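Report on the following structure.
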Number of protein chains: 4
Amino acid sequence: MPCRVYLLAHTPDPDSLVAAAARICYSAAAVSDLLERESDHLSASLLRKLRRSGHHSPFEHASFTFGVDGLSRVASHQLVRHRLASYSQQSQRYVEINEAQVVVPPSIASNSEALALFQRWAAAAFEVYTSLLALGVEAEDARFILPHGWETRLVLTMNARELHHFFELRLCRRAQWEIRELARLMLIECRKVAPVTFEIAGPPCVGEGRCHESRSCGKPYGNMEDLIRNDE
Amino acid sequence: MPCRVYLLAHTPDPDSLVAAAARICYSAAAVSDLLERESDHLSASLLRKLRRSGHHSPFEHASFTFGVDGLSRVASHQLVRHRLASYSQQSQRYVEINEAQVVVPPSIASNSEALALFQRWAAAAFEVYTSLLALGVEAEDARFILPHGWETRLVLTMNARELHHFFELRLCRRAQWEIRELARLMLIECRKVAPVTFEIAGPPCVGEGRCHESRSCGKPYGNMEDLIRNDE
Amino acid sequence: MPCRVYLLAHTPDPDSLVAAAARICYSAAAVSDLLERESDHLSASLLRKLRRSGHHSPFEHASFTFGVDGLSRVASHQLVRHRLASYSQQSQRYVEINEAQVVVPPSIASNSEALALFQRWAAAAFEVYTSLLALGVEAEDARFILPHGWETRLVLTMNARELHHFFELRLCRRAQWEIRELARLMLIECRKVAPVTFEIAGPPCVGEGRCHESRSCGKPYGNMEDLIRNDE
Amino acid sequence: MPCRVYLLAHTPDPDSLVAAAARICYSAAAVSDLLERESDHLSASLLRKLRRSGHHSPFEHASFTFGVDGLSRVASHQLVRHRLASYSQQSQRYVEINEAQVVVPPSIASNSEALALFQRWAAAAFEVYTSLLALGVEAEDARFILPHGWETRLVLTMNARELHHFFELRLCRRAQWEIRELARLMLIECRKVAPVTFEIAGPPCVGEGRCHESRSCGKPYGNMEDLIRNDE
């Protein structure tokens, strides 16, 4: 089962806030004028212009908080390498684990021999974990035997600028499959509440129609629908 | 006239979100459980415990966006030194200035001779600026003659953890008066929407009852009411 | 075997550089004057004053790069949560693993029954990994079965201000034993090349003689020698 | 007179360190192996590949510290907006100013009428500043009347990744002239000590042969020599 993503909170009306912040930079308007909101049509046009011309900083004002269940620690270790973000992750030091919970990669799930081997060992590892606890080892040390695929859960917050960067890197077909799935689910949520800000997102094959990777995947996304659809 | 501060946007229900994120770290609860919100009473108790014990990271999930009018560039230069924040500031390169707008420090406003001198020269500086424009100098270069006290406006976003750090430094009586006034107005807004998160804030004389400065001001704040009141 | 730490590179003469940067803030000296270095005695006195009064920013100019071998992915996942730092970590996606390499926690190493169990299963996990590879599973997916205690290696860079923060948190007796050992070995290296900057470092029991933890360990460090000595 | 830039300190042998950090990511080499340095030729080839393919993180391990004299506060206000950097700037609160020191924009220096007006007022502003001090106003408030072009000095540290970002934005002909000159002088220093890392740097017209600006300057740089030469 893939991870589950919940948009727990976000800056209200993100598209309008970003547009308002951008207008402060380039006009004589006072902040008090921003409180009278201009038409959605003008905001959308401004946001598109900012994205195209690389003026990304106004997008930082809109913030999105996600809850994630069922992510492997393989993926969470990659995720937290994004430093312009905030994380609260379930502690394996303080929280004892009560059941075998491990993420199965699709390549293993679809290979019956590999799957049997993987599941047998994952169950065995959990038994070793509980045996170590029974021998007086603390949870924080017993977990050294748990597989990398073990599930974790976390709350993360990123602003829209960093989210764009995250989607650019992690929605590429060459990204690891699990963090790619996480990114896809996050993008779907973002597009519901900030449709203009996330109108276009993802790797350069979507946004710019070209690839920067030294070894391309050879299967560029044609458009946003392609990217959003779970086709694998 | 001091600066004007508007809370343009914020994460909805910040106190609850921070408490929910903290619970993920230390309990076996799934993220989906967080969606059923627990009682405000329990959240408040958890937030106070986090603050006391120095576990600040859950406060990062709550984000606050302010608009500020009428701040001097003296103060904005100090403000943007806080790097864990996002800024959109009115450009003096692209926006031509149409009237003399300068912040008058209280120590000058209360000294009639100094005030007369200051105002005469602030007006004169603006005339030099317009003369330079008339001589064909671009606005981005003519502004080199405008006084530091010139007004700017900006939109800034900080999360609750960084806001606490900002209030700790900038609400100290030894901070520059203008950024202190900005911090005071921001704190007043924060307390309206996140009363538990910002129940206690400000320099160590308020939070810990002691001063870390090598040269103390000698007038510690007795409590939050002291700090919030505009007594100067 | 605990991790191995190498100081791969550092800003030359860190104590002097930090002192020079601090002098720019508070004196009329030109930068060109900084090139004539003042006496070590005066620098040391200035650095001590900065540390005591909480003016930490000049310490950011001194940067330290470490190589680390033999760290578990349990510890590396914690380590990379420090966001004001730079990391290059060995990829488990691209680098296939050729031998069983797992970190054994001391509490397990000293418990013969637990140790036998742990080692047997660590070896078995590696066999499962190689079997999965043989079944056509990619290394990036097969690793889901490897234990958390698996060894990784990385290069990390932190500046002296962030190092102080890292040492404050991670040298506390309540920190996880492995990241604490990493921090101890890093501090030993730092003190060789920046003796004044790291004259005092570590948790508040060393620097301030008091503890901020809600549940204290009850065994405060008496002094730096206590902290540096490997007594466990 | 333009600003003066001094490279005060840097990570020794930056090109080799970056290459070593990159090798850790993609090979089975232990950190201890990195201590035996491989040939410069192989390192150069690796660095070029990293730059081309957008794998920028290894460049963060190399750090550069500059001293800058004679920069206007117009430019320093822009500079400190780069948040992934460290700054120590001369305080106008604590350091009283003893002589008129103002940066004259080239467009004013080359316009005799504008220059006479600018210099007369800059001198007058300094007289007003000293008169305010004489009337009992503190330096921190009297400076509100000093022109934006007033000189400041500072120490700044950036790593090579952030420097590349800085050069990309600030060496564009559409950047403000003074921060562009600062960037040019910094790049010249960087190329002396990290020739491969900074072999190619600057705006996209140099690195990629194309422009991302919505309004191009129309005068793309042909190559690095063009960019480095002071032709204006």
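A few remarks follow.
- Single residue of the stretch C:99-112 satisfying the filter (touching a helix residue (DSSP H, G or I) at 6+ places or on another chain (Cβ under 9 Å) and assigned to a helix (DSSP H, G or I)) that is farthest from A:Val128 (Cα to Cα): C:Pro106
- Among the residues making up the stretch A:53-64, a single one is free of Cβ contacts under 8 Å to residues at least 40 places away in the same chain and assigned to a helix (DSSP H, G or I): A:Ser53.
- The lone criterion from (1) small (Gly, Ala, Ser); (2) closer than 30 Å to C:Ala85 by Cβ; (3) within 8 Å of another protein chain (Cβ to nearest Cβ) left unmet by D:Ala160 is number (3).
- Matching option when the condition is charged (D, E, K, R), within 12 Å of the chain's Cα centre (by Cα) and not in a loop (DSSP other than H, G, I, E, B), among B:Glu168, B:Glu225: B:Glu168
- Residue within the stretch A:183-205 that is more than 24 Å from A:Val18 (Cβ to Cβ), surrounded by fewer than 21 Cβ atoms within 10 Å (Cβ to Cβ) and in contact with a Lys or Arg (Cβ under 9 Å, 6 or more places away or on another chain) present: no
- Meets criteria (of a type outside the set (Asp, Glu) and within 28 Å of A:Ala44 (Cα to Cα)) for A:Phe198: yes
- Qualifying positions in the stretch C:130-161 - in a helix (DSSP H, G or I) and touching a Phe, Trp or Tyr at 6+ places or on another chain (Cβ under 9 Å): C:Leu132, C:Ala139, C:Glu140, C:Asp141, C:Ala142, C:Arg143, C:Phe144, C:Ile145, C:Ala160, C:Arg161
- Listed by first and then second residue, the pairs linking a residue in the stretch A:79-94 that is within 10 Å of chain B (Cβ to nearest Cβ) to a residue that is small (Gly, Ala, Ser) and buried (at least 18 other Cβ atoms within 10 Å of the Cβ), with Cβ atoms under 6 Å apart and 6 or more places separating them unless they lie on different chains, are A:Ser88/B:Ala21.
- Considering residues of the stretch D:11-37 that are at the interface with another protein chain (Cβ under 7 Å from one of its Cβ atoms) and in contact with a Ser or Thr (Cβ under 7 Å, 6 or more places away or on another chain) only, the residue farthest from C:Ala9 (Cα to Cα): D:Tyr26
- Some residue of the stretch B:38-56 being in contact with a Pro (Cβ under 7 Å, 6 or more places away or on another chain) and either facing chain A (nearest Cβ under 9 Å) or among the hydrophobic types (A, V, I, L, M, F, W, C) (or both): yes
- Residue check for B:Ile179: under 20 Å from B:Arg48 (Cα atoms) and assigned to a helix (DSSP H, G or I): no
- Hits in the stretch D:125-142 - residues which are touching a helix residue (DSSP H, G or I) at 6+ places or on another chain (Cβ under 7 Å) and under 16 Å from B:Ala116 (Cα atoms): D:Ala125, D:Val128, D:Tyr129, D:Ser131, D:Leu132, D:Leu133, D:Leu135, D:Val137, D:Asp141, D:Ala142
- Residue within the stretch D:192-202 that is outside any loop (DSSP other than H, G, I, E, B), within 14 Å of another protein chain (Cβ to nearest Cβ) and touching a strand residue (DSSP E or B) at 6+ places or on another chain (Cβ under 6 Å) present: yes
- Subset of the stretch C:55-70 [more than 11 Å from the chain's Cα centre (by Cα), over 28 Å from C:Ile24 (Cβ atoms) and not acidic (Asp, Glu)]: C:Gly70
- The single condition from (1) surrounded by 18 or more Cβ atoms within 10 Å (Cβ to Cβ); (2) in contact with a Leu (Cβ under 9 Å, 6 or more places away or on another chain) that D:Arg83 fails is (1).
- For the residues C:Val68, C:Val74, the requirement of being over 22 Å from D:Leu84 (Cα atoms), in the same structural domain as C:Ala160 (by TED's automatic domain parsing) and in a helix (DSSP H, G or I) singles out C:Val74.
- Failed criterion for B:Ile24 (all others in (1) outside any helix (DSSP H, G or I); (2) more than 25 Å from the chain's Cα centre (by Cα); (3) closer than 27 Å to A:Arg83 by Cβ hold): (1)
- Just one of the listed residues (A:Leu84, A:Leu50, A:Leu17, A:Leu8) is at negative phi, at pLDDT 85 or above and in a strand (DSSP E or B), and it is A:Leu8.
- For D:Leu8: the one exception among (1) within 7 Å of another protein chain (Cβ to nearest Cβ); (2) among the hydrophobic types (A, V, I, L, M, F, W, C); (3) over 22 Å from C:Val193 (Cβ atoms); (4) surrounded by 16 or more Cβ atoms within 10 Å (Cβ to Cβ): (3)
- If you go through the stretch D:152-168 and keep only what is of a type in the set (D, E, K, R) and over 17 Å from D:Asp69 (Cα atoms), you end up with D:Arg161, D:Glu162, D:Glu168.
- Condition met for C:Leu115 (assigned to a helix (DSSP H, G or I), more than 23 Å from D:Leu8 (Cα to Cα) and more than 14 Å from chain D (Cβ to nearest Cβ)): yes
- Filtered residues of the stretch A:29-52 (kept if free of Cβ contacts under 8 Å to residues at least 40 places away in the same chain and surrounded by 15 or more Cβ atoms within 10 Å (Cβ to Cβ)): A:Ala29, A:Ala30, A:Val31, A:Asp33, A:Leu34, A:Glu38, A:Leu46, A:Leu50
- Within the stretch A:163-178, the only residue that satisfies the criterion of being within 11 Å of chain C (Cβ to nearest Cβ) and either crowded, with 23+ Cβ neighbours inside 10 Å or among the β-branched types (Val, Ile, Thr) (or both) is A:Glu178.
Residues are listed down the side, and each one gets a yes or a no for (1) within 25 Å of the chain's Cα centre (by Cα); (2) farther than 13 Å from D:Val74 by Cβ; (3) touching a residue at least 40 places away in the same chain (Cβ under 8 Å):
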| position | (1), (2), (3) |
| --- | --- |
| B:Val104 | yes, yes, yes |
| B:Leu117 | no, yes, no |
| B:Ala134 | no, yes, no |
| B:Val137 | no, yes, no |
| B:Pro147 | yes, no, yes |
| B:Trp150 | yes, no, yes |
| B:Val155 | yes, yes, yes |
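The values are calculated or read from the model by the stated rules, or taken from the named source; none is laboratory data. Here the structure is a predicted model, which means the values were calculated and not measured. As a convention, Cβ positions derive from the backbone with ideal geometry for all residues, glycine included, and neighbour counts pool all protein chains shown.
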